[in-house]
Amino acid sequence: MTEGVQLSVVIVTFNSEQYIENCILSLEHLVLKNGVKVVVVDNASSDRTLEIVGRHSWVSLVPLKENLGFGTANNIGCRHISADYYFLLNADAFLNPDVDMFRVINFMQSEKDVAVCGLKMVYPDGATQTSSYTFSSAGKWLVQVLPGFYRFMRLVSALGLGKVLAKVSKKYSSYRRNHQLIPPNYDTVKVDWVCGAAMLVSGEYIEEFGLFDENIFLYGEDEDVCLMAKARGRRIIEVNSPPIVHVHGWNSSNRFSPVVAALKFDSLEYFIKKHYSGTFGGSVMKFLLPIYVFGFGRNLAEFLREKYF
C-alpha cells in the first residue's frame with residue numbers, strides 16, 4: 001500500500017481498450033492540480049488494455065492473473081493506495097472538466113454519517129442515465145418482469161378509481177422505472193442506493209467495515225454495499241453535480257451473453273439469500289430470479305433445462 005492521499009480513483013478494467021484511454025485522460029487534471037492518485041486494477045484482460053494504461057506513468061497499474069470480478073478488484077484497488085476517500089469509476093465512464101470532486105468530499109467531511117455518495121450520470125448523447133435506485137423487493141421485481149401488471153395499474157389510475165389506487169399506480173410506476181424518485185431541484189438527496197459506476201466512498205468507512213462482498217462476482221455488489229451501510233446507520237446520498245458520462249451499452253446491440261447472464265444469476269441468488277432469506281419477499285424474488293435475469297423465451301428455457309434437468 002502506498003502512502004495516504006485525500007482522494008484515490010479506482011478503475012477496474014476487463015478488455016476495456018475501447019474506453020480506458022478517455023477514462024484516464026479525463027482524470028489527468030485532478031492528478032496534476034490536486035495530487036489525486038489513480039489506480040487501475042485489470043482483471044486479466046486479453047486485449048490492449050494493459051498497453052494503453054501503461055502509457056500513463058501517473059497511473060498505478062495492478063494486473064491480476066485471473067478475472068476476480070468487479071467487487072474484488074475494487075477492493076484490491078482500495079487496499080493499494082491509502083486514501084481518505086475513494087472514487088470508484090467504471091472504465092467506460094469519464095469526467096467532464098466541470099465535475100468538482102472536492103465539493104462532494106467537502107460535503108462528506110461535514111456529514112460524517114454519509115458513507116457513500118453517487119454522482120449524476122448521462123449517456124454520451126447527453127440523455128439522463130439512472131444513477132440512484134430503490135432497494136430490490138419482491139414487488140419491484142414482479143412489476144419489472146410482468147409488464148402486464150404494470151399496465152393494469154396504469155389503467156386503474158387512468159380510470160380515476162380513487163386517490164389510493166392512484167398512489168399505488170405511481171408507486172408501481174416507480175418500481176417499473178427502477179430508479180429513485182428525485183425532486184427536480186436539489187443539492188443533495190438521501191437515496192436507497194447508487195450505481196457503482198460513479199461512487200464516492202468514505203475511506204474511514206472502508207477501513208472499519210470493508211467495501212464489496214467478494215462472494216458477488218458481477219451484479220448487485222453496489223446495492224449490497226449500500227444495504228450494508230444503511231444497516232450500520234450510515235446514509236447514502238446522491239449529489240446534484242455536473243454529470244459523469246457513462247457509455248453503459250449506449251448505441252450498442254446489447255447482445256445476450258449466456259456467460260454473463262449465468263454470473264448475474266449466481267450473484268443475485270447469493271444477494272437474495274444474504275438480505276432476504278427466510279422472508280416471503282425473498283421467496284418470491286428467488287422464484288422470479290430466472291425470469292428477471294433471462295426474460296421469457298428461449299434463453300430462459302435453455303437455462304432451466306441446463307440447471308434443473
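The values are calculated or read from the model by the stated rules, or taken from the named source; none is laboratory data. Keep in mind it's a predicted model, so treat the numbers as computed, not measured. Reconstructed Cβ throughout: ideal geometry from the backbone, glycine too, with neighbour counts over all protein chains shown.
Please verify whether Leu288 is buried (at least 17 other Cβ atoms within 10 Å of the Cβ), in a helix (DSSP H, G or I) and outside the structural domain of Leu89 (by TED's automatic domain parsing), treating the condition exactly as stated.
Spelling it out, Leu288 is indeed buried (at least 17 other Cβ atoms within 10 Å of the Cβ), in a helix (DSSP H, G or I) and outside the structural domain of Leu89 (by TED's automatic domain parsing).
Could you tell me how many of the residues in region 107-125 are over 12 Å from the mean Cα position of the chain (by Cα) and more than 18 Å from Ala93 (Cα to Cα)?
9
State whether the residues of region 28-44 include one that is more than 21 Å from Phe87 (Cα to Cα) and of a type in the set (Gly, Ala, Ser).
In the first step, residues of region 28-44 are kept if they are more than 21 Å from Phe87 (Cα to Cα); the result is 44.
Keeping just the survivors that are of a type in the set (Gly, Ala, Ser) gives 44.
Checked against the condition, which is being more than 21 Å from Phe87 (Cα to Cα) and of a type in the set (Gly, Ala, Ser), region 28-44 yields at least one hit.
With the structure loaded, tell me whether Ala83 is of a type outside the set (Lys, Arg) and closer than 27 Å to Val114 by Cβ or whether it fails that test.
Numbers: of a type outside the set (Lys, Arg): yes; closer than 27 Å to Val114 by Cβ: yes.
So Ala83 fits the description; yes.
Select from region 203-252 the residues that are assigned to a strand (DSSP E or B) and out of contact with any Asp or Glu (no Cβ under 8 Å at 6 or more places or on another chain) and list them in ascending order.
Residues satisfying the conditions are Glu238, Pro243, Ile244, Val245.
Being touching a Lys or Arg at 6+ places or on another chain (Cβ under 6 Å), at pLDDT 75 or above and not basic (Lys, Arg), is that true of even one residue in region 78-95?
Yes, some residue in region 78-95 is touching a Lys or Arg at 6+ places or on another chain (Cβ under 6 Å), at pLDDT 75 or above and not basic (Lys, Arg).
Would you point out the residue of region 213-227, among those that are aliphatic (A, V, I, L, M) and touching a helix residue (DSSP H, G or I) at 6+ places or on another chain (Cβ under 7 Å), that is nearest to Asn67 (Cα to Cα)?
If we take residues in region 213-227 being aliphatic (A, V, I, L, M) and touching a helix residue (DSSP H, G or I) at 6+ places or on another chain (Cβ under 7 Å), then Leu218 is nearest to Asn67 (Cα to Cα).
Only one of Val116, Val168, Val156 is aliphatic (A, V, I, L, M) and at pLDDT 65 or above. Can you tell me which?
Exactly one of Val116, Val168, Val156 is aliphatic (A, V, I, L, M) and at pLDDT 65 or above, namely Val116.
Output the residues belonging to region 181-212 that are among the charged types (D, E, K, R) and in contact with a helix residue (DSSP H, G or I) (Cβ under 7 Å, 6 or more places away or on another chain). Spell out how you get there, then give the answer.
Initial filter on region 181-212 (among the charged types (D, E, K, R)): 187, 190, 192, 204, 207-208.
Within region 181-212, Asp192 is the sole residue that qualifies.
Is it true that some residue in region 276-292 is among the charged types (D, E, K, R) and at pLDDT below 95?
no
Among the residues of region 94-129, write down those that are more than 30 Å from Glu207 (Cβ to Cβ), in contact (Cβ under 8 Å) with a residue 24 or more places away in the chain and part of a loop (DSSP other than H, G, I, E, B).
Asn96, Pro97, Asp98, Tyr123, Pro124, Asp125
Just the residues that are touching a residue at least 60 places away in the same chain (Cβ under 8 Å), in a strand (DSSP E or B) and under 19 Å from the mean Cα position of the chain (by Cα), please, taken from region 1-57.
Ser8, Val9, Val10, Ile11, Val12, Thr13
Working only within region 262-283, note down all residues that are under 17 Å from Asp222 (Cβ atoms) and of a type in the set (A, V, I, L, M).
Of everything in region 262-283, those that are under 17 Å from Asp222 (Cβ atoms) and of a type in the set (A, V, I, L, M) turn out to be Leu263, Leu268, Ile272.
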